[in-house]
1. For residues that are basic (Lys, Arg) and open to solvent by 40 Å² or more (accessible area, probe 1.4 Å), scanning just the stretch 160-185, find the one that is farthest from Arg211 (Cα to Cα).
2. Select, from Ala87, Ala47, Ala51, the only residue that is modelled with pLDDT of 95 or more, out of contact with any helix residue (DSSP H, G or I) (no Cβ under 9 Å at 6 or more places or on another chain), under 16 Å from Glu184 (Cβ atoms) and not charged (D, E, K, R).
3. Quickly run through the stretch 91-109 and pick out the residues that are open to solvent by 50 Å² or more (accessible area, probe 1.4 Å) and either assigned to a strand (DSSP E or B) or within 21 Å of Ile197 (Cβ to Cβ) (or both).
4. In the stretch 43-71, which residues are open to solvent by 40 Å² or more (accessible area, probe 1.4 Å) and either within 17 Å of Phe99 (Cβ to Cβ) or not in a loop (DSSP other than H, G, I, E, B) (or both)?
5. Of a type in the set (A, V, I, L, M, F, W, C), out of contact with any Asp or Glu (no Cβ under 6 Å at 6 or more places or on another chain) and surrounded by fewer than 15 Cβ atoms within 10 Å (Cβ to Cβ): does that describe Val138?
6. Hey, can you tell me all the residues within the stretch 18-42 that are closer than 15 Å to Glu104 by Cβ and surrounded by fewer than 13 Cβ atoms within 10 Å (Cβ to Cβ)?
7. Evaluate the following for Arg198: is it out of contact with any Phe, Trp or Tyr (no Cβ under 7 Å at 6 or more places or on another chain) and loosely packed, with under 12 Cβ neighbours inside 10 Å?
8. Please count how many residues of the stretch 16-42 are part of a helix (DSSP H, G or I) and under 18 Å from Leu181 (Cα atoms).
Amino acid sequence: MKDLGDYRKSYEKSELLETNIPEDPINLFNRWFHETEEFGGVDEVNAMTVATIGLDGFPKSRVVLLKKFNEEGFIFYTNYNSEKGKAIDLHPNICLSFFWSSLERQVIIKGIAEKTSDTISDNYFDSRPDGSKLGAIVSSQSEVIPSRDFLEQNLKQLEKEFEGKEIPRPKHWGGYLVRPLEVEFWQGRPNRLHDRIRYKLQDDFSWKIDRLSS
């Protein structure tokens with residue numbers, strides 16, 4: 001067994017203080033997102049972990065790509081019939097998390113997921129390359145398949161079928177909007193005394209801001 005006890009790092013790149021934060025978490029998320037983009041060192045700034053409560057009662061996490069965020073929340077797209085989609089339908093309370101190592105930052109979002117409108121899903125699907133559109137149709141996501149060749153042969157068949165034609169969005173594929181209830185911002189600091197600021201949504205839709213111990 002490999003001992004990882006000596007893996008240590010001193011976090012010293014920034015700080016997160018109450019004197020320099022906005023009243024709502026979306027504005028702070030927007031600031032951090034663009035600072036990470038500008039700083040570099042992260043291949044996909046919009047990569048996030050989505051954690052759901054599975055049909056078997058176990059939590060499960062996987063990385064997906066954030067495609068939009070605004071004052072309503074955070075949007076990603078997936079196959080509604082996938083393991084992830086079925087889990088969200090049963091337990092819409094989910095968690096999103098971002099880890100931006102280049103700036104020693106994490107963001108953890110608790111929220112409730114709901115399907116986006118057909119219009120939003122259609123508009124995003126139409127913006128995708130044809131290969132990605134066909135991939136969404138051909139993949140029965142999370143289902144057991146006999147081989148890789150099975151997928152590739154089905155894709156070739158679809159390519160012939162839709163050659164020169166518009167590719168419609170399948171009804172089992174679309175977006176989820178995650179409306180945040182809590183958003184925690186984590187900034188690494190020296191000596192493990194990290195900054196943790198939590199925004200918690202109140203009944204009047206204002207945000208209560210608390211500092212959490214590291």
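1. First, the residues of the stretch 160-185 that are basic (Lys, Arg): 160, 165, 169, 171, 179.
Subsequent filtering for residues that are open to solvent by 40 Å² or more (accessible area, probe 1.4 Å) retains 160, 165, 171, 179.
Details: Lys160: 57, Lys165: 55, Lys171: 43, Arg179: 22 Å.
Once the filter is applied, the top-ranked residue is Lys160.
2. Exactly one of Ala87, Ala47, Ala51 is modelled with pLDDT of 95 or more, out of contact with any helix residue (DSSP H, G or I) (no Cβ under 9 Å at 6 or more places or on another chain), under 16 Å from Glu184 (Cβ atoms) and not charged (D, E, K, R), namely Ala51.
3. Selection gives Asn93, Phe99, Ser101, Gln106, Ile108.
4. First pass over the stretch 43-71, keeping only residues open to solvent by 40 Å² or more (accessible area, probe 1.4 Å): 43-44, 49, 53, 55-63, 65, 67-69, 71.
Listed by number, the residues that qualify are Asp43, Glu44, Thr49, Ile53, Pro59, Lys60, Ser61, Arg62, Val63, Leu65, Lys68, Phe69.
5. No: the conditions fail for Val138.
6. Gly40, Gly41
7. no
8. Result for the stretch 16-42: 6.
The values are calculated or read from the model by the stated rules, or taken from the named source; none is laboratory data. Owing to the predicted nature of the structure, the values given are computational and were not obtained by experimental measurement. Ideal geometry is used to build each Cβ from the backbone, glycine not excepted, and the neighbour counts take in all protein chains shown. Ligands, DNA and RNA are excluded from the accessible area calculation, which covers all protein heavy atoms including side chains. Shrake-Rupley method; radii C 1.70, N 1.55, O 1.52, S 1.80 Å.
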